[in-house]
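The structure appears right after this line, and notes come after that.
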Amino acid sequence: MVIKKAYADIAAGQMHFRYVPGDGTPLVFYHRSPANSVCFEPMMAAMAGDRPLYAFDTPGFGNSFDPVGRPNATQYGQWYLDTLDAVNLEHVHVFAHHTGTHFASEMAILAPDRVVSLTLNGIAYLTAEEREQFRELVGHSVMPDAHGNYIEPSWTIVSSLFPSFDPKLTHLEFLSAMRALEGRDQAHGAIWDQDYPTVFQKLTCPILALCAEDDSLRPFFERVTEARPDIKSAITGPAKYFSPEYDTERTVNEVRAFISALDTN
């Protein structure tokens, strides 16, 4: 099994993605920040043969184009939708992680007839006051300086996200962060400006909400199920912000069961 890479042309620029061919309704992946689509390679390897799989780099991350200005969450959702058009994907299941959950939800509102289901892992279901607290807590990327002093604090921020030091994955996440200095700030700004509880109520497709037991967003997870008792939900194993990599088997099993049941109905 080979995970292939390609580009799709949309009006705003080029979108980079990974894919595994297959039969059936495709499953598309949208990543957290500051990562890119490489974070889904473990899941894609585990699900190869299930259906077509596509993992896209969000604008400002990986090898996708860099947005101009301060796009809002709806604009990211439109870019996601434009990319589906460019790759000729008419109907899709969606797995979105952290930052990706917020933009994929906007896409599902823009094209409710095309998103068959949403699996949302790591939702920032926050009040307006909490969003401002997170905006201050998360802060901004440390920008380059003439002496390279920005590297160490950037490394410290990235490594603090992990349950324990992981040489390979921490290095990979760090490289992704260095590429997405501006993209990270743009994407986070869009999320802190988004009234997600209102967005969430507008979603009409079947939803599976997931959250790692030690994710910083875990304390807010009950709000999700209380707001939408009609959805499916599960708390997954310890992985902090890295369920696709650290809790691959459990995450894949949850997603596979959810979307397979929908495909057979």
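For segment 3-51, enumerate the residues that are assigned to a loop (DSSP other than H, G, I, E, B) and either at pLDDT below 95 or aliphatic (A, V, I, L, M) (or both). Across segment 3-51, the qualifying residues are Ile3, Ala11, Ala12, Ala35, Ala48. Got a sec? Which of Leu126, Leu84, Leu89, Leu137 is of a type outside the set (D, E, K, R), out of contact with any Asp or Glu (no Cβ under 6 Å at 6 or more places or on another chain) and within 22 Å of Ala227 (Cα to Cα)? None of the other options fit; the residue is Leu126. Restricting segment 246-263 to residues that are buried (at least 21 other Cβ atoms within 10 Å of the Cβ) and among the charged types (D, E, K, R), which is nearest to Leu208 (Cα to Cα)? Among those that are buried (at least 21 other Cβ atoms within 10 Å of the Cβ) and among the charged types (D, E, K, R), it is Glu254. Cβ separations smaller than 6 Å between residues 6+ apart or across chains give the following pairs from segment 210-229 residues that are at pLDDT 95 or above to residues that are surrounded by 14 or more Cβ atoms within 10 Å (Cβ to Cβ) and in a helix (DSSP H, G or I): Cys211/Arg218; Cys211/Phe221; Ala212/Ser243. Within the option set Gly24, Gly69, being of a type outside the set (A, V, I, L, M), more than 26 Å from Leu203 (Cα to Cα) and either over 15 Å from the mean Cα position of the chain (by Cα) or surrounded by fewer than 22 Cβ atoms within 10 Å (Cβ to Cβ) (or both) holds for one residue only, Gly69.
None of Ala86, Ala108 is crowded, with 24+ Cβ neighbours inside 10 Å, of a type outside the set (D, E, K, R), farther than 17 Å from Gly189 by Cα and touching a strand residue (DSSP E or B) at 6+ places or on another chain (Cβ under 6 Å) except Ala108.
Checking each residue in segment 1-49 for being of a type in the set (S, T, N, Q) and more than 24 Å from Met178 (Cα to Cα) picks out only Thr25.
Is it true that Thr198 is out of contact with any Asp or Glu (no Cβ under 9 Å at 6 or more places or on another chain), crowded, with 17+ Cβ neighbours inside 10 Å and either in contact (Cβ under 8 Å) with a residue 60 or more places away in the chain or closer than 28 Å to Gln75 by Cα (or both)? When the stated conditions are applied, Thr198 does not pass them.
Filter segment 175-196 down to residues that are in contact with a Pro (Cβ under 8 Å, 6 or more places away or on another chain) and either at pLDDT below 95 or of a type in the set (S, T, N, Q) (or both) and give me whichever is farthest from Ala227 (Cα to Cα). In this case the residue turns out to be Ser176.
Residues that are farther than 24 Å from Glu130 by Cβ, at least 1 per element: which helices (runs of 4 or more DSSP H) completely within segment 186-265 meet that?
Correct list: 243-246, 248-264.
Take segment 225-258 and flag every residue that is aliphatic (A, V, I, L, M) and closer than 14 Å to Leu120 by Cα. Selection gives Ile231, Ala234, Ile235, Val252, Val255. Mind checking whether some residue in segment 45-64 is of a type in the set (Ser, Thr, Tyr) and more than 23 Å from Leu161 (Cβ to Cβ)? Within segment 45-64, one or more residues are of a type in the set (Ser, Thr, Tyr) and more than 23 Å from Leu161 (Cβ to Cβ).
Could you list, in sequence order, all residues of segment 40-88 that are touching a helix residue (DSSP H, G or I) at 6+ places or on another chain (Cβ under 7 Å), hydrophobic (A, V, I, L, M, F, W, C) and closer than 17 Å to Gly24 by Cα?
Correct list: Ala46, Met47, Leu53, Ala55.
The values are calculated or read from the model by the stated rules, or taken from the named source; none is laboratory data. A quick note: this is a predicted structure, and the numbers were derived from the prediction, not measured. Cβ coordinates were reconstructed from backbone atoms using ideal geometry, including for glycine residues, and neighbour counts include every protein chain displayed.
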